[in-house]
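Here is the structure we will look at, set down as structure tokens.
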Amino acid sequence: MAVYELEQTDQLVALYTIIRDEKTKRDEFIFCADRIIRLLVEKATEFLPTREKTIRTPTESEYAGKEFVGKICAVSIVRSGEAMEKAVRDICQKIRIGKILIQRDENTAKPILFYHKLPEDIAERYVLLLDPMLATGGSAVKAVEILKGKGVNESKIIFVNLISCPEGIKEFTGKYPEVKVITGVIDKSLNEKAYILPGLGDFGDRYFGT
């Protein structure tokens, strides 16, 4: 199981305190959520492959460094995952972004694919899968199923989320143990309505103001 939680520094906990607070206004929620998302995406890029590269600096010195190799793309699970796209674009220049729309069947409670648009060459890319909340794991599991169906190797998928819980992690990693999970914080549990506790409510509603 490859689950990586951000270091719980005082600064990070302070940001989470703001976005968890029911009294936080939308503009402050967006500002703090964006800061956390940027930290998560930066962490996710640590798992992209590199190779050694020696360059020459303006001081006529040689520097033995590294360069990224391979192509990447991001795939957001609509709608909440779209809130994470800006940070990805800021960090990864000219990155291609795909979208997957999954909704839960109210009768069976199972996730159903409604729409997807992915890069044609996605099978050749590393994929940053974006969704702020990992609750039951149903949507994330369905999204990876779709990506694998398009030829993406499981080991080349990095799932990025702000808040997760033990139940969702167990469900997701049980199905896809080779996918790396980058999460901001692991909360304690789900309630009977499948909301993460203590959580922050509906991320999409609070971020997009709906």
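The values are calculated or read from the model by the stated rules, or taken from the named source; none is laboratory data. Computed from a predicted structure; not experimentally measured. When we count neighbours, we look across all protein chains shown, and the Cβ atoms used for this are built from the backbone with ideal geometry, even at glycine.
Take segment 121-132 and flag every residue that is of a type outside the set (A, V, I, L, M) and in a strand (DSSP E or B).
Step one: of segment 121-132, the residues of a type outside the set (A, V, I, L, M) are 121, 124-126, 131-132.
125, 126 - these are the residues of segment 121-132 that are of a type outside the set (A, V, I, L, M) and in a strand (DSSP E or B).
What number goes with the only condition from (1) in contact (Cβ under 8 Å) with a residue 12 or more places away in the chain; (2) in a helix (DSSP H, G or I) that residue 145 does not pass?
Answer for residue 145: the failing condition is (1).
Can you spot a residue in segment 184-191 that is surrounded by 14 or more Cβ atoms within 10 Å (Cβ to Cβ), modelled with pLDDT of 95 or more and within 24 Å of residue 72 (Cβ to Cβ)? Step through it out loud before you land on a result.
Filtering segment 184-191 for residues surrounded by 14 or more Cβ atoms within 10 Å (Cβ to Cβ) gives 184-187, 190.
From what is left, the residues that are modelled with pLDDT of 95 or more are 184-187.
Now narrow it down to the ones that are within 24 Å of residue 72 (Cβ to Cβ): 184.
Checked segment 184-191: at least one residue is surrounded by 14 or more Cβ atoms within 10 Å (Cβ to Cβ), modelled with pLDDT of 95 or more and within 24 Å of residue 72 (Cβ to Cβ).
Which numbered condition in (1) within 26 Å of residue 18 (Cβ to Cβ); (2) among the aliphatic types (A, V, I, L, M); (3) surrounded by fewer than 20 Cβ atoms within 10 Å (Cβ to Cβ) is the only one that residue 112 fails?
Answer for residue 112: the failing condition is (1).
Going through segment 35-46 one residue at a time, which ones are of a type outside the set (Val, Ile, Thr) and either in contact with a Lys or Arg (Cβ under 7 Å, 6 or more places away or on another chain) or buried (at least 17 other Cβ atoms within 10 Å of the Cβ) (or both)? Working first, answer last.
Within segment 35-46, the first condition is being of a type outside the set (Val, Ile, Thr), and the residues that meet it are 35, 38-40, 42-44, 46.
Within segment 35-46, 39, 40, 43, 44 qualify.
Would a scan of segment 151-164 turn up a residue that is in contact with a Phe, Trp or Tyr (Cβ under 6 Å, 6 or more places away or on another chain), farther than 22 Å from residue 38 by Cβ and at pLDDT 95 or above?
Checked against the condition, which is being in contact with a Phe, Trp or Tyr (Cβ under 6 Å, 6 or more places away or on another chain), farther than 22 Å from residue 38 by Cβ and at pLDDT 95 or above, segment 151-164 yields at least one hit.
Test each condition in (1) closer than 27 Å to residue 11 by Cβ; (2) free of Cβ contacts under 8 Å to residues at least 60 places away in the same chain; (3) assigned to a loop (DSSP other than H, G, I, E, B) for residue 201 and report the one that comes out false.
(2)
In segment 162-179, what residues are surrounded by 21 or more Cβ atoms within 10 Å (Cβ to Cβ) and more than 21 Å from residue 101 (Cα to Cα)?
Within segment 162-179, 165 is the sole residue that qualifies.
Quick check, is residue 91 loosely packed, with under 14 Cβ neighbours inside 10 Å and aliphatic (A, V, I, L, M)?
Against the criterion (loosely packed, with under 14 Cβ neighbours inside 10 Å and aliphatic (A, V, I, L, M)), residue 91 does not qualify.
Taking segment 24-34, which residues are surrounded by 14 or more Cβ atoms within 10 Å (Cβ to Cβ), charged (D, E, K, R) and more than 14 Å from residue 204 (Cα to Cα)?
Correct list: empty.
Residue by residue through segment 165-180, note down the ones that are in contact with a Phe, Trp or Tyr (Cβ under 7 Å, 6 or more places away or on another chain) and outside any strand (DSSP E or B). It would help to see each step written out before you state the result.
Restricting attention to segment 165-180, the residues satisfying the condition of being in contact with a Phe, Trp or Tyr (Cβ under 7 Å, 6 or more places away or on another chain) are 179-180.
The one that is in contact with a Phe, Trp or Tyr (Cβ under 7 Å, 6 or more places away or on another chain) and outside any strand (DSSP E or B): 179.
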